[in-house]
Structure formats: C-alpha cells, structure tokens
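A.B. asks: Provided herewith is a single structure, encoded as structure tokens, for subsequent inquiry.
The values are calculated or read from the model by the stated rules, or taken from the named source; none is laboratory data. Nothing here was measured: the structure is a model prediction, and the numbers come from that model. Note that each Cβ is placed from the backbone with ideal geometry, even for glycine, and that neighbours are counted across all protein chains shown. Note: accessible area is taken over every heavy atom of the protein model, side chains too, but ligands, DNA and RNA are not part of it. Shrake-Rupley method; radii C 1.70, N 1.55, O 1.52, S 1.80 Å.
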Amino acid sequence: MIRTSATLFALGALVVAAGLGACAQRPSGGRASSTDDRAPREVMVDALDQIHGTAEQRAAGWEREHYAVQEVLDKCAERLNIEYTVNDWVPAEAGFPSNAVDLPELFEPARADFGIARGFLRQARLRLSSASRPTVADRAQSLRFNECHREAATMDSLHLPAGQGALGRDFLADQATITQELEPRLIGGYSTCMTHAGSPAGNPSDAYVQAQRKFLPLVHRSPVNPAVTPGWAEAVAFEKQIAAADGRCRTANADVVAVAGAATAKKFLDRRRTDVEAVAAGWAAMSAVRDEARKAVGK
C-alpha cells in the first residue's frame, strides 16, 4: 500500500482548513505529457477529461444514445404498423452523489443543485401526462412494442466512445491504492469543511438526503404541483446552499488527491498513450455524433 508522506498530509490539512476556497475550473484540455511541469490538479483533471470526458462531452454522449435508441424504436414501430412519436431528449437530474473519494466526481465543477426540485417537478408533469387510463387497444399495442424495446436494449453503451469502459476502469484501478490510503482523511476533511460552511454533513450522500428531506412533505401535500406548496422556495434555497457547500468541500479533497495521484496519472497516460488518444478522440467527436443522431430522427 502506498504510504503518503508527511508533506502530503500537511498540505491536506492546510487545504481542508482553508476549506472553502473557490471551486477550481476545469482547464480547456490539451494532451498530457510526462515532461510537462503543470500543477498536480491540472494533470489529474486533464487525465480525467481525456479518459472520462468533460461534463459537456458526457452529456452529448447520453443525448446521442437517446436519439439512436429513438431511431431504432421509430423504425421498428413503422415496421410493425404501430403509432410512435419520437421523444425529445430530457437531460437527467444531477443524481445521487457518490462517496468522497470517487475521482470523476471529486474533480467535477460545483453543482448549482442536486436536481432534487427539478426531479420532483418532472415526476409531477409525468403523472399529469399519463393520467388517462390505457384502453385495451393501448395495452395490446404496448405488448407488441416490447419487440422494439428488445431491439433498442442492445444500444446501452453508445454514450461512451469505443474502449472507454476498459480504459476508465484501468485508470481508476491505477489510482485506487492512493485514494484508499487517503479515504479516512478525505471523509473527515469533507465533514469538517461542510461544518465550517454552515451545512453539516458527514458525506456527500448525507448532504443529498438532507436536501431531499426538505421536499418530501411538500410533495406529499401537493403531488400535482408541489411548487405551489408553502415552503417550496425555502426547500429550493436549502438545496442550492448545501450543493454549493458540497462543491467547495469536494474541491478541497480533490486538491489533496491530485497531489498524491498526479505522478501516477502521468505514468498511466504515457504507458497507455495510444488507448488514451483513441478514447479522447472519441469524446471530442461526441457532439458531432450526437448532432447526426438528432438529424436522423428529424430533431
């Protein structure tokens, strides 16, 4: 197991004590090189951008997969003489945050929110749109349409460039010893940082659950439109506040991890240069591929 030096832990203590520095921005990109003299955070973020994609590239990947699936469903429905309307892309909510040492999560920009309020409002809209009971003919058509869903089920990796899954797992495994060694310190640092921010939370999941609990009674009181329920604005403000603190405290942890892992990341990029460049090129092309998928279904 890699033993981190006293220097690293001293730096970690300073970073967490400073605690709430502004969230660092992602660099614009560029190839990693073993001969460069960049700051550890720049090296780590560049490695993650090339291997796991930027936030924009990942979003383009999910949208590409959505429209590719829609094309399959549309063509299948036409073949079976089933009426079908292509669904527009709806970006997913931010989702449940992972633990304090998940590398891609650590180096993400701060979230404006956790997507909780938006998620509940979307659920309410879906309930309204599906309020009418399906007819016998609707149910029969739905059963026939299952064949189309089986065809589309084979396309669940189109949001990623070819080779990304294996490369991403290898990179995270390469960093695992370092992050595991730091894990107790990172979890404690996150908790301390959140307390200093005025939003006490033991870990990112705890922060999410605290925000979610503010909404639950409001949603139960007004399931059709919870936004008109008294207390909704206060719950939204709390979600934004705790999400902002979460972002700042993740940044503090990310700086510690970057110091520990940058040298290992550089070696990985050099050792797997061909694979990394192929995956990075796939991410770079993702927006254009998404646009082609949109066009194929007339969007």
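A.B. asks: Determine one quarter of the surface area of the Cα convex hull of the stretch 217-299, which equals its mean projected area, and express it in nm² to one decimal. It would help to have the intermediate numbers written out before the result.
C.D. replies: Values: hull surface 41.9 nm².
Mean projected area of the Cα convex hull: 10.5 nm².
A.B. asks: Right, next: Expressed as a whole percentage, what fraction of the accessible surface of the stretch 241-299 belongs to carbon and sulfur atoms when a 1.4 Å probe is rolled over the protein heavy atoms?
C.D. replies: Ligands and nucleic acids excluded, carbon and sulfur give 51 percent.
A.B. asks: Run the numbers for Arg38 and Ala55: contour at 0.36 nm per residue of separation, minus the present Cα-Cα distance, in nm. Each step should come with its number before you reach the end.
C.D. replies: Details: separation 17, 0.36 × 17 = 6.12 nm, distance 2.18 nm.
So the chain would gain 3.9 nm between Arg38 and Ala55.
A.B. asks: Let me ask another. Using the heavy atoms of the protein chains and a 1.4 angstrom probe, tell me the accessible area per residue for the stretch 34-79 in square angstrom. Provide the component values of the computation, followed by the final result.
C.D. replies: On the way: 1970 Å² over 46 residues.
Roughly 43 Å² per residue, with all protein chains present.
A.B. asks: For Lys240, go through the lysines and keep the ones whose alpha-carbon is under 23 Å away, minus same-chain ones fewer than eight residues off.
C.D. replies: The qualifying lysines are Lys214.
A.B. asks: Something else now. Where only protein heavy atoms count, and the probe is 1.4 Å, what is the accessible area per residue for the stretch 201-260 in Å²? It would help to have the intermediate numbers written out before the result.
C.D. replies: On the way: 2450 Å² over 60 residues.
I get 41 Å² per residue for this part.
A.B. asks: For an R0 of 41 angstrom, estimate the FRET efficiency from the Cβ-Cβ distance between Arg271 and Lys299 and round to the nearest 0.05.
C.D. replies: Working: r = 41 Å, r/R0 = 1.00.
After rounding to 0.05, the efficiency reads 0.50.
A.B. asks: Could you give the size of the charge dipole of the stretch 188-299 about its Cα centre, using +1 on the Cβ of each K and R and -1 on the Cβ of each D and E, expressed in debye and rounded to the nearest 20?
C.D. replies: On the way: 15 positive and 10 negative charges, 46 e Å.
It comes to approximately 220 debye.
A.B. asks: Mind checking the full-extension length gain between Ile82 and Thr154? Use 0.36 nm per residue of separation minus the Cα-Cα distance, one decimal, nm.
C.D. replies: Working: separation 72, 0.36 × 72 = 25.92 nm, distance 2.08 nm.
Answer, rounded to one decimal: 23.8 nm.
A.B. asks: Rounded to a whole number, what % of the accessible area of the stretch 135-186 do carbon and sulfur atoms account for, probe 1.4 Å? Walk me through the numbers on the way to the answer.
C.D. replies: Numbers: 1640 of 3040 Å².
In the stretch 135-186, the share of accessible area belonging to carbon and sulfur is 54 percent.
A.B. asks: Next question. What nm value, rounded to one decimal, do you get for the distance between Asp291 and Gln210 when each label is placed 7 Å out toward the C-beta?
C.D. replies: Output for this residue pair reads 4.3 nm.
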